[in-house]
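Asks: Supplied in structure tokens, the structure appears directly below.
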Amino acid sequence: MRLSMRVACPFVFMALAGCGGSHLSVDEPADFGADVVVRSMVVAQQKCNAVGVPDLYECAEVPPSPAGERLAARVALDMYQVFQQSCYETAGAGRCEALVDAAYQKTKAQELRR
């Protein structure tokens, strides 16, 4: 992750704090907030694409605008970093990236149904 936690939004940490699986039964797998992270990244990607800056890292560094693409990119990237930190420690990189990929596929399938 190339960005530091410069945009530490309290709601991000609160949203992800409960996603580590403590609220799940033993039979349910924890997703560590992968769905939330992916939805944030998809929204940020759409905003960044709309202003012609498809790379989220670059988009996170553009000057602020009323469209909010910079903030969306920063929050999404920060959320992903928090996800990595909490998930990687518990489940390992391979499992965590599989969770993100599954969440992405689920999000894309839901978008296609709309």
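Asks: Return the residues of the range 78-104 that are crowded, with 17+ Cβ neighbours inside 10 Å and of a type in the set (Ser, Thr, Tyr); say none if nothing qualifies.
Replies: Residues satisfying the conditions are Tyr80, Ser86, Tyr104.
To keep it simple, each residue is scored yes or no on (1) on the phi > 0 side of the Ramachandran plot; (2) touching a residue at least 60 places away in the same chain (Cβ under 8 Å).
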site: Val53; (1), (2): no, no
site: Ser86; (1), (2): no, yes
site: Gly92; (1), (2): yes, no
site: Tyr104; (1), (2): no, yes
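Asks: Moving to a separate point now. Go through (1) closer than 23 Å to Gln85 by Cα; (2) polar (S, T, N, Q); (3) not in a helix (DSSP H, G or I) one by one and return the number of the condition Ser65 breaks.
Replies: (1)
FYI, it's all coordinate maths here, none of it is from the lab. Just so we're clear, the structure is a prediction, and the values are computed from it rather than from any experiment. Neighbour counts are summed over all protein chains in view; Cβ atoms, including those assigned to glycine, are modelled from backbone coordinates with ideal geometry.
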